[in-house]
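Please read the structure below before turning to the comments.
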Amino acid sequence: MAGSEGETCAGLPVVREAFPRTVRLVASARLREAVLAPLADGAEALGQLAEIEGATSGRLIAETRGTPALRADELVHNVPHAAFINASFAYGTPRAPTRFSPPGRGAWYAALTVETCIAEVGFHLTRALADAGDFNATVDYAEMLVSMAGLFVDLRGAARHPALDPDPVSGYPAGNAIAAAARAAGHNGILYPSVRGAGALCLAALWPHAVQSVVQGALYRLRWSGTPDFTVDAP
């Protein structure tokens, strides 16, 4: 459904869509007990330690006073898993963009199926292991299931758009130009064909408030055993 007939953004159509169930994979270490909890003797001590941790937490700093790329009033509060939502925006890569987010500002990347998420996450982790020169790793992920609705810039009919170039050097600047125009227009996000999973759809929510009704789903383990190929099983 079109948001308003003929509406475009960065030369691309804008559509009004509703997705009752999308999937994002989050490293399960973020779901575990607070790292400082074993050091605390009780609730008061834990609170004091949390203040120390908060002084260097990018998410808590962003929630309190914002960052150069993210205003504090953009973040969400008093909703389920608000910390995960805010962290995905506060922990943007500091010196490099991702496909639809600039340095210092993240986005909520999701897909319609966990298989697409695994393909995307696995690709980026494999690249990181290649850079490290060691294809031995085990990483556990949890599904975060989310609903999204509203106006989205639609790349589904533009498979050859420069923003979808598999090479980040070419694709990311073009993607960020679209994202900047979408944010300026107040659109919720971007719909685009998965670059890593053929025929699949991905979504990038550009605002924390666009991420709705977050619940945790299943757990998955990605394992590399000396080669770029990885296996997926239950932890």
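The values are calculated or read from the model by the stated rules, or taken from the named source; none is laboratory data. Predicted model, so just to flag it, every value in this text is computed and none were measured. Backbone-built Cβ (ideal geometry, glycine too); neighbour counts: all protein chains shown.
Of everything in the stretch 141-183 that's under 16 Å from Ser101 (Cα atoms) and among the aromatic types (Phe, Trp, Tyr), which residue is modelled with the highest pLDDT? Per the criteria, the residue is Phe152. Just checking, does the stretch 196-206 include any residue being assigned to a helix (DSSP H, G or I) and at pLDDT 95 or above? Within the stretch 196-206, none of the residues are assigned to a helix (DSSP H, G or I) and at pLDDT 95 or above. For the condition outside any loop (DSSP other than H, G, I, E, B), of a type in the set (A, V, I, L, M) and within 16 Å of the chain's Cα centre (by Cα), what is the one hit in Ala179, Ala174, Ala163, Ala149? From the options Ala179, Ala174, Ala163, Ala149, the qualifying one is Ala179.
Condition check ((1) modelled with pLDDT of 90 or more; (2) in a helix (DSSP H, G or I); (3) closer than 22 Å to Ala149 by Cβ) across all residues:
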residue	(1), (2), (3)
Glu33	no, no, no
Ala50	no, yes, no
Ile85	yes, yes, yes
Thr93	no, no, no
Gly104	no, no, no
Leu125	yes, yes, no
Ala128	yes, yes, no
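Quick check, is Glu7 surrounded by 13 or more Cβ atoms within 10 Å (Cβ to Cβ), under 24 Å from Ala180 (Cα atoms), among the acidic types (Asp, Glu) and at pLDDT below 85? Here the answer is no, as Glu7 does not meet what is asked. Determine if the stretch 176-186 includes at least one residue that is of a type in the set (Lys, Arg) and touching a residue at least 24 places away in the same chain (Cβ under 8 Å). Yes. Would you be able to tell me the number of residues in the stretch 92-108 that are closer than 16 Å to Ala163 by Cα and surrounded by fewer than 23 Cβ atoms within 10 Å (Cβ to Cβ)? Counting residues in the stretch 92-108 that are closer than 16 Å to Ala163 by Cα and surrounded by fewer than 23 Cβ atoms within 10 Å (Cβ to Cβ) gives 4.
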